[in-house]
């Protein structure tokens, strides 16, 4: 006996299957973001203390920025830079991606750990300066194949400013030391 399913049942099954696929994809995406570790020490921020909710937002948005930058530089795509970056940071990263597109090379940032120290938080809450001691595996890619890999400990001076719903990286500059 062959049993036929009504069209509604097929639609429900398809919809359910799509939800499961989306759920699994979302979990994978969260796992990829979780690989970038960000810690913030705001104890020495001056002249204003950084509120706990603001600290959480900065950590979240800085992680998103590094994940977006990593994706842009690995796949030579400009789109990931549109959300979390603005100003000089966006311009500099944009130029890096365009340069990589011309050369056909790419960079992958793996196993990232960022230790942020808040050193200045504007009295109006409209800017925060961070010092980032970052540690990661930097892989240089040629057509997706790793051609060189190195362990990096780098220091960055970061300026973040708030927008309507998140903090944006406005300035990101590597420095030899703090």
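Multiplying the residue separation of residue 170 and residue 99 by 0.36 nm and removing their Cα-Cα distance gives an extension gain of 23.5 nm. Look at the Cα gyration tensor of the range 133-178: its axes a ≥ b ≥ c give a/c of at least 1.5 with a/b at or below b/c, and that counts as oblate. On the basis of the beta-carbon distance and an R0 of 41 Å, residue 150 and residue 82 show a calculated FRET efficiency of 0.90.
Across all C-alpha atoms in the range 111-159, the radius of gyration and Dmax reach 15.3, 47 Å.
The convex hull around the C-alpha trace of the range 67-167, projected and averaged over every direction, spans 6.8 square nanometres.
Every number here is computed from the coordinates shown, using simple stated rules; none is lab data. These numbers were taken from a predicted model, which means no experiment stands behind them. Every residue, glycine as well, gets a Cβ built from its backbone with ideal geometry; the counts of neighbours run over all protein chains shown.
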